[in-house]
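Please treat every number below as a calculation from the coordinates, not as lab data. These figures come from a predicted structure and were not determined experimentally. Quick reminder, even Gly has a Cβ in these numbers, built from the backbone with ideal geometry, and neighbours come from all protein chains shown.
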Amino acid sequence: MMDSIEPKTLQPEGAAPLEKADPAIYPPDEAVAAPTEIFEEPLVTTQEEERISIASNWTLVWWRFRKNVLAVISTVILLFLAIVVFIPDFFATMDPEETNARLAFIPVQRIHWLDEGQLKPWVPSVVGKRDPVTLAMKWTTDEAQKTYIRFFGTSWSYSVLGIFDSNIHLVSAAKADQADDDLAAQIFLLGTDRLGRDQWSRLAFATQISMTIGMISVIVSVVLGLLLGGISGYFGGWIDNIIQRLIELLQSLPTIPIWLALTAALPRTWSPEKVFFAITIILALRGWTTLGREVRGRFLSLREEDFVLAAELGGASQARIIVKHMIPTFTSHIIATSTLAIPVMIVTETSLSFLGLGMRPPAISWGVMLQEAQNIQTLALAPWLLTPGLIVIVAVLAFNLVGDGLRDAADPYSH
Amino acid sequence: MLRYILQRLILIPILLIIFSIMVFALVQAPPGDFLTSYIATLASTGSSLNQETIAMLEHQFGLDQPVHIQYLRWMQNLLRGDLGLSLEYQLPNAELINDRLGLTLILALFAFVFTWVMAIPIGIYSATHRNTILDYLVTVVNYTGVAIPNFMLALILMWFAYSQFGLSVTGLFSRDFEQAPWSIAKGIDLLKHIWLPMIVIGLAGTARLTRVMRANLLDELNKPYIVSGRARGLSEWQLVMKYPVRLAINPLVSTIGWYLPELFSGSLIVATVMNLQNIGPLLLRSLINQDMYLAGAILMIYCFLAIIGTLISDILLAWLDPRIRMEKA
């Protein structure tokens, strides 16, 4: 016990949050520095201490987590992305599949919030001119012509999670319901791609697919990891041996080439939904090994604990011991590890789709969108094609920060 | 020590056999084969093959045999060092792979050295100058370095160089040297081009390694022996470099086990984006065109490289840390 306390006194800044969070383990500084105070109030605890001593484990984790500003900001970002995942139509300004060759490579229209001193958001209209030599369309934004935009306007109707229908959209051109082919009635907040598809709307739907792939493959990994790691650690013996060799085998595979070969083996004729599920399974096939190892380690050490013996003597079944007594002791750890696994899955899916071997059009994912940005000449002409990549970076960063925050919060002995 | 290495060596053929079955199943899995897609391509251009030619080609590549016979034939050839014939290029696979394999290894090696040369000093600085502005900067760069997919980084850098300076930073050689035989001038040309792919491929690993180095060193710096060393008047340089750094590097060696294989296979996507002539783009092309023996050969090379990477790290670890070789031997 002394060993774990001693380094803390050498490094006060690292130990400070712990002392506040858990005075039962780490007595507050003043108690050590001025022992007389203890005599003044021998058994009366303050309200603050009372609150901590009766707080559940989850509350303690939450208290530690919210001190991490970056992790809290990242959580907000992820919550926002989650809303996009559930209702991409709400964010879209038009049909993501609608192609219009005449509207290719329209640049980003930046939103201006003020109009003549009043809060009246508008975007500069785009003006197209044909280059007389190359006959290519050249688009410029014209600040003099304003396309007003409105928030929470109505447009086409969509279903929200299959529960109810809505036709409210976050943002649309003020004249959106009037003329359909009129440029003034359309806005392209992130420009358009080679086929004149609206990047902003596509991004909303790509977010849905890419995030869901990450989430589902991690869920599958967690289930597999818990199941196989648990069996391995709880029962031990030959079954443990087999599972361990399997994990070693899977971990020594060169991941990216094998993933490429696996996705290349998916029949071209499959529907996007089938490909989607196949890819989640492919990603999970190796994803579970890390967690499986950790779960096994936990089970091995927990098996020897007194509380497990007590439960056994109390007549609890093996299933009950595992689910009710053992797993809750490392749930927070599993959540942290799986949060950190999501970005890996997302990046892999994006890379595979980028190479043309993951999700394929007509499905839209971040990687599928980035395929449009493969050509460097095109990219120089239309740098906004890289925006899906920025979203990938933001999402991955947010997941990493939340995962790190959770891991630190879940582990009372971390610095 | 010798016994430990031998034990690891015995595992290699077993792993390779299992991998070869998996690889063969994978390249065999897509419906149809190269011949059917070849015939389809020919048909789309209006020409066709007669039945006899098809039968002859099928026989030549063994496509008319049952799967397990095909596998055994493939394995037999592999053991003899014959990687088979590329269906698409009509060239021996060994010839196609040969040049590119060297570039794959060189690129991975450069990225590996870059990672260690950058990560350890930065990690030491970051740990000894905790909570300074530079330390925060390093932390920010580390987080973004891990978060940027490497192909994305390649795209951004290529776009930046092209739009700002009109430079095309793709490829590993200038045009004059692309087809030239190896010479000193070609080597120098390679050095001129390799640094950007090296940074792109190595950045994520550098970021992760820096973080681990910083955390390990911080753990060491908080131990009582540091306090006692400082109390005895050791210079700060000696105090940090003599024991804590050595102890902090030790756990890093185990990261080689996954880092080397990751460098070999991680360069695949970057190589496709930046048009680097290593085995990555070749694999991608062969997979898309169902050139199964070429794909199989390259996949086996990747598997072999992965195994070798793990082996190197195991041996290094055992050499550095006597506890490991005692326990396992």
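Exposure proxy ranking for A:SER74, A:SER301, based on other Cβ atoms within 10 angstrom of each Cβ and starting from the fewest, stands as A:SER301, A:SER74. Residue ranges A:282-290, B:154-162 sort as A:282-290, B:154-162 when ordered by packing (mean number of other C-beta atoms within 10 Å per residue, highest first). Comparing B:ILE148, B:ILE279, B:ILE18 in a Gaussian network model of chain B, where Cα atoms under 10 Å apart are tied by springs, the biggest mean-square fluctuation is seen for B:ILE18. The simple spin-label model puts a point 7 Å past each Cα toward its Cβ; for A:PHE86 and A:TRP270 those points are separated by 2.9 nm. Of the residues A:TRP366, A:THR59, A:ILE258, the one whose Cα sits farthest toward the positive end of the charge dipole of the protein assembly as shown, with +1 on the Cβ of Lys and Arg and -1 on the Cβ of Asp and Glu, is A:ILE258.
Taking a span of 27 Å or more along the helix axis (Cα atoms) and a mean Kyte-Doolittle hydropathy of at least 0.5 as the rule, the DSSP H helices of chain B that qualify are B:2-28, B:93-128, B:184-221, B:244-274, B:292-320. Only one residue of B:LEU287, B:VAL273, B:GLY229 has its Cα farthest out toward the positive end of the dipole of the stretch B:183-329, where Lys and Arg carry +1 and Asp and Glu -1 on Cβ, and that residue is B:GLY229. In a reduced charge model with +1 at each Lys and Arg Cβ and -1 at each Asp and Glu Cβ, chain B shows a dipole moment near 1640 debye about its Cα centre.
For chain B, the relative contact order is 29 percent, taking Cα pairs closer than 8 Å that sit 6 or more residues apart in sequence and dividing their mean separation by the residue count. Mean-square fluctuations from a GNM of chain B, with a 10 angstrom spring cutoff on Cα atoms, peak among B:MET213, B:MET274, B:MET152 at B:MET152. Rounded to the nearest 20, the Cβ-based charge dipole of the protein assembly as shown about its Cα centre (Lys and Arg +1, Asp and Glu -1) stands at 1320 debye.
Sequence-ordered 3J(HN,Hα) estimates for the stretch B:85-90 from the Karplus curve with 6.51, -1.76 and 1.60 and θ = phi - 60° stand at 10, 6, 6, 7, 8, 6 Hz, glycine and proline given as x.
Each peptide in B:181-189, B:311-319, A:215-223 gets a packing score, the mean of other Cβ atoms within 10 Å over its residues, and the list from highest to lowest is A:215-223, B:311-319, B:181-189.
Seen through its C-alpha gyration tensor, with square-root eigenvalues sorted a ≥ b ≥ c, the protein assembly as shown comes out oblate because a/c lies at 1.5 or above while a/b is not bigger than b/c.
Charged side chains reduced to their Cβ positions (Lys and Arg at +1, Asp and Glu at -1) give the stretch B:41-175 a dipole of some 520 debye around its Cα centre.
Taken residue by residue and averaged, Cβ atoms of other chains lying within 10 Å of the Cβ of B:261-271 number 4. Taking amide hydrogens as placed 1.01 Å from N in the peptide plane, the amide H of A:VAL171 sits under 5 Å from those of A:PHE152, each at least 5 positions away in sequence or on another chain.
Under the shape rule built on the C-alpha gyration tensor, where the axes satisfy a ≥ b ≥ c, the stretch A:75-159 is oblate, since a/c reaches at least 1.5 while a/b does not exceed b/c. A simple count of charges around A:LEU406, restricted to other residues whose Cβ falls under 12 Å of its Cβ and scoring Lys, Arg +1 and Asp, Glu -1, yields 0.
Extension gain for A:GLU304 to A:GLN318 (0.36 nm times residue separation, less C-alpha to C-alpha distance): 3.6 nm.
Computed from the C-beta positions of A:THR331 and A:THR212, the FRET efficiency with R₀ = 22 Å rounds to 0.45. By the compact-protein rule of thumb, 2.2 N^0.38 Å, the alpha-carbon radius of gyration of the stretch B:93-320 corresponds to a ratio of 1.18.
Between the amide H of A:LYS138 and those of A:LYS129, A:ARG130, A:ASP131, distances stay under 5 Å, these residues lying 5 or more places away or on another chain, with hydrogens modeled in the peptide plane.
In this structure, the amide hydrogen of A:VAL160, modeled 1.01 Å from its nitrogen in the peptide plane, lies closer than 5 angstrom to those of A:ASP165, A:SER166, counting only residues at least 5 positions away or on a different chain.
Here each label is just a point 7 Å from Cα along the line to Cβ, and for A:ILE54 and B:ALA43 those points are 7.7 nm apart.
Between beta-carbons, use under 13 Å as the cut-off and find the net charge around B:PRO261, counting Lys and Arg +1, Asp and Glu -1. Charge balance near B:PRO261 sits at -1.
Looking only at B:ARG230, B:ARG214, B:ARG130, which one moves most when chain B is put into a Gaussian network model with springs between Cα atoms under 10 Å? Answer for the Gaussian network model of chain B: B:ARG230.
Dipole of the protein assembly as shown computed with +1 at Lys/Arg Cβ and -1 at Asp/Glu Cβ about the Cα centre; of A:PRO328, A:THR154, B:PHE165, farthest Cα towards the positive end is B:PHE165. Counting Lys and Arg as +1 and Asp and Glu as -1 over every other residue whose Cβ lies under 10 Å from the Cβ of A:ARG197, the net charge comes to -4. Per-residue shielding of B:148-161, expressed as the average number of other chain Cβ atoms within 10 Å of the residue Cβ, stands at 6.
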